[in-house]
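Heads up: the structure comes next, in structure tokens.
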Amino acid sequence: MKHSVAGHNLGRDTNTKKALIRGLIAALIQRERIETTEAKGKAIKGEIDKVVTMAIKGTNASLNKLREFFGNDEIVKMLVAMKERFGKRTSGFTRMYKTNVRKGDNAQLVIIEWTDTKKSQITNPK
């Protein structure tokens with residue numbers, strides 16, 4: 001039994017997992033939508049809420065934390081621009097829906113996108 005085990009390991013050590021999460025969140029901010037596995041999507045969903053909430057807050061301390069997290073001012077500027085997009089929303093910034101199963105390892109793929117965008121019309125070829 002797995003007692004008192006919290007979070008997602010994703011088969012990586014701590015630093016590699018943090019880099020993966022940081023890269024997925026940066027890709028979502030830049031591209032507005034990403035396709036990844038369901039496990040990775042569930043792992044970053046809470047982190048996305050924290051990052052966007054800090055950007056909406058807009059204080060110097062929160063912006064410095066974002067710069068430290070991403071190490072890139074362009075991504076932080078894109079996040080701050082989302083302030084008008086989400087207004088007073090406190091959570092639920094992303095939507096995640098299942099698409100296909102990856103042929104190589106049978107992993108469930110999901111698409112993660114911002115909630116204020118129109119849901120795409122992707123058919124499931126089965």
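The values are calculated or read from the model by the stated rules, or taken from the named source; none is laboratory data. Given the structure is predicted, the values throughout are model-derived calculations rather than measurements. Virtual Cβ from ideal backbone geometry, glycine too; neighbours counted across all protein chains shown. Just so you know, the surface numbers come from the protein's heavy atoms only, side chains and all, with ligands and any DNA or RNA stripped out. Shrake-Rupley method; radii C 1.70, N 1.55, O 1.52, S 1.80 Å.
If F86 meets every condition in (1) among the hydrophobic types (A, V, I, L, M, F, W, C); (2) closer than 24 Å to G11 by Cβ; (3) in contact with a strand residue (DSSP E or B) (Cβ under 9 Å, 6 or more places away or on another chain) apart from one, which number is that one?
Tallying (1) among the hydrophobic types (A, V, I, L, M, F, W, C); (2) closer than 24 Å to G11 by Cβ; (3) in contact with a strand residue (DSSP E or B) (Cβ under 9 Å, 6 or more places away or on another chain), F86 fails exactly one: (2).
If I filter segment 100-109 down to residues being at negative phi and part of a loop (DSSP other than H, G, I, E, B), which single residue comes out as surrounded by the most Cβ atoms within 10 Å (Cβ to Cβ)?
A107
Could you please let me know if I44 is of a type in the set (V, I, T) and free of Cβ contacts under 8 Å to residues at least 60 places away in the same chain?
no
Assuming L66 fulfils every condition listed in (1) touching a Leu at 6+ places or on another chain (Cβ under 7 Å); (2) in contact (Cβ under 8 Å) with a residue 60 or more places away in the chain apart from one, which condition is it?
(2)
What number of residues within segment 8-40 satisfy the criterion of being without any contact (Cβ under 8 Å) to a residue 12 or more places away in the chain and either touching a helix residue (DSSP H, G or I) at 6+ places or on another chain (Cβ under 7 Å) or open to solvent by 60 Å² or more (accessible area, probe 1.4 Å) (or both)?
Final tally of qualifying residues: 9.
So for segment 40-49 (the condition being farther than 17 Å from D116 by Cα and in contact with a strand residue (DSSP E or B) (Cβ under 7 Å, 6 or more places away or on another chain)), does at least one residue qualify?
Within segment 40-49, one or more residues are farther than 17 Å from D116 by Cα and in contact with a strand residue (DSSP E or B) (Cβ under 7 Å, 6 or more places away or on another chain).
Suppose we filter segment 41-99 for residues that are open to solvent by less than 60 Å² (accessible area, probe 1.4 Å), touching an Asp or Glu at 6+ places or on another chain (Cβ under 8 Å) and hydroxyl-bearing (S, T, Y); how many remain?
Number of matching residues: 2.
So which pairs qualify, if the first residue must be in segment 100-119 and without any contact (Cβ under 8 Å) to a residue 12 or more places away in the chain, the second must be outside any loop (DSSP other than H, G, I, E, B), the Cβ gap must be under 6 Å, and the two must be at least 6 apart or on different chains?
Note: pairs meeting the criteria are V101/Q108.
Tally time: how many residues in segment 37-55 are within 14 Å of T94 (Cα to Cα) and of a type outside the set (D, E, K, R)?
Qualifying residue count for the region: 8.
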